[in-house]
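Q: Quick one: this structure, given as structure tokens, is what I'll be asking you about.
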Amino acid sequence: MRIVIVGGGPAGATTARYLAQFLGSGRLGKKDEVLLVNYTPSGGKPCGGGIKTSLFSQFQIPTDPIITYPMEGVIHFSKSSHFFNSEKGMTPFLIPSQQVEIALSQKLAIVERSAFDQLLRKLAIESGAKLIEGRVIKGRWEKGKFWIEVRRGEEREQIWGDILIGADGVNSTIRKKFLGERIPAITTYFTTLPIPIQNCHFHFEPIFSDRFYGWVFPNRHGGHFGATSISYLTRLVEYYSSLSILKPIKGYNIPRWNGKLLLQKGKLFFVGDGAGQVLPTTFEGIYYAIASGKLLAEAIITGEDYSTKWWKRFGRRFLFFKWLEKRLGGNFRYPILSLFRLKWYRNFVIQIWNKE
Ligand SMILES: Cc1cc2nc3c(=O)[nH]c(=O)nc-3n(C[C@H](O)[C@H](O)[C@H](O)COP(=O)(O)OP(=O)(O)OC[C@H]3O[C@@H](n4cnc5c(N)ncnc54)[C@H](O)[C@@H]3O)c2cc1C
């Protein structure tokens, strides 16, 4: 049996790693193989890199030198706010803003995505998976097997297999080619600036976001700024600095989980962003890509139903955060955010968020 995983980000690399590990332990036949097909876009995957630190021990991922900045989270919110644009000769000014520092006791960290993804692929190869560099451009099922066409420069290669896994991110080619579907998503805009930033800041003030949040995270260039529109992002940058945006603003999609996307059809499976597995409200996708990758590998090996297994493990958490996201996008936004001032509420949300 040949298992082909398209996409070597956190989801695909982890699925390949655990599948190869199980194969290595002799649970499947010796002729079986796990192939990981990946291409790396220039500039790497757009991402803030925020993860829970527990991920490293839970999935036996070495932290050094990948982990940076174990830190606290700060939530900023206000009922109403005004912003005077510095371009019009006025100082940026925000009223009335409140902030709540969430003591996460170093439960939050930042990873540099290119290095982190490379490390995950290395772990997959060490477990026995084979890595093929190239971009999948076509594919089809034929007589109980599938084939995909992989492009590498001018070269094209056809690969056949028995089980196909779409771990190729939010714009999944595998989902488009095999199911004719796209993943519901929101476009986020981001930039980096040479401003030293401490802690992870989540901005819920209405001038930075009406439904979701704007974020400012530390990264190796200084600060990574992101928001759900270009004007929200521009204001966020102006609020932190008199520097105008030096680097170009880029945009990239994040899946919006709705519980309706197909995770499995016969011998075709989807995982990570390719399955829309991003936690609503926080838009956290790295942890769920990795955790779902391991869960999928276990399901394939044991013959359990992957979709049922996933819902059992994460269904309630995703539904809770979806509920919260809807409330934060409506009239309850401010009352809910104000609850963060209460210690018991902070602990309650952190407990759900940090569950393994
Ligand atoms: C601006 C932004 C900020 C974010 N910040 C955070 C954050 O702070 N914390 C967090 O947890 N999540 C964050 N996310 C979400 C997170 O980046 C994703 O949820 C996560 O990367 C999903 O992992 P994945 O492996 O499923 O997909 P990806 O990371 O997208 O990996 C897919 C891989 O497949 C490859 N690929 C794609 N198509 C093909 C093809 N046709 N053939 C071969 N290979 C292919 C890609 O090059 C890539 O290597 C952010 C997202 C964005 C856009």
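Q: Count charges around Phe116 for me, please; just the other residues with Cβ under 14 Å from its Cβ, Lys/Arg as +1, Asp/Glu as -1.
A: +4
Q: Can you tell me the 0 to 90 degree angle between the C-alpha axis of helix 113-127 and the longest principal axis of the chain, rounded to 10?
A: 30 degrees
Q: Using only Cα atoms and rounding to the nearest 10 degrees, what angle (0 to 90) does helix 230-240 make with the longest principal axis of the chain?
A: The answer is roughly 60 degrees.
Q: Checking the a/c ratio against 1.5 first, then a/b against b/c, what shape does the Cα gyration tensor give for region 172-260?
A: Prolate is the answer for region 172-260, as a/c is 1.5 or above and a/b outweighs b/c.
Q: On to the next question. From the phi of every residue in region 154-168, what ³J(HN,Hα) in whole Hz does the Karplus formula 6.51 cos²θ - 1.76 cosθ + 1.60 yield, where θ is phi - 60° and glycine or proline is x?
A: Result, ordered by residue: 7, 7, 10, 10, 9, 10, 9, x, 9, 10, 10, 10, x, 10, 9 Hz.
Q: Restricting to DSSP H runs of at least four residues, report the calculated mean residue ellipticity at 222 nm for the chain, -39500 (n - 2.57) per run over all residues, nearest 500 deg cm²/dmol.
A: Helix contribution divided over all residues of the chain: -9500 deg cm²/dmol.
Q: Further question: What's the longest uninterrupted piece of the chain once you rule out the trypsin sites (Lys or Arg not before Pro) that are loop residues per DSSP with at most 15 other Cβ within 10 Å?
A: Longest run free of exposed loop sites: 261-354.
Q: Tell me which residues come under 5 Å, amide H to amide H, from Ile197 once H is placed; ignore anything under 5 positions away on its chain.
A: Sorted by chain and number, the residues that satisfy this are Asn219.
Q: In percent, how large is the relative contact order of the chain, given Cα pairs closer than 8 Å and 6 or more residues apart?
A: 20 percent
Q: I'd like the FRET efficiency for Leu131 and Phe332, computed as 1/(1 + (r/R0)^6) with the beta carbon distance as r and R0 of 41 Å, rounded to 0.05.
A: 0.30
Q: Pairing the Cα long axis of helix 286-302 with the longest principal axis of the chain, what angle in degrees results, from 0 to 90 and rounded to the nearest 10?
A: In the chain, helix 286-302 runs at an angle near 20 degrees to the longest axis.
Q: Do the alpha carbons of any pairs in Lys267/Lys309; Lys138/Lys176; Lys52/Lys294; Lys52/Lys250; Lys176/Lys294 sit beyond 20 Å of each other, and which pairs?
A: Lys52/Lys250; Lys176/Lys294
Q: I want to check the label-to-label distance for Ile186 and Lys322. Put each point 7 Å from Cα in the C-beta direction and report it in nm to one decimal.
A: With each label placed 7 Å out from Cα toward Cβ, I get 1.5 nm.
Q: Based on the Cβ-Cβ distance of Leu339 and Arg2, what FRET efficiency does E = 1/(1 + (r/R0)^6) give at R0 = 56 Å, to the nearest 0.05?
A: 0.65
Q: Whole Å is fine, so just give me how far the alpha carbon centre of region 245-285 lies from that of region 315-336.
A: 18 Å
Here, each number is a calculation from the coordinates, and none is a lab measurement. All figures in this text were calculated on a predicted structure; none of them were measured in a lab. Neighbour counts are summed over all protein chains in view; Cβ atoms, including those assigned to glycine, are modelled from backbone coordinates with ideal geometry.
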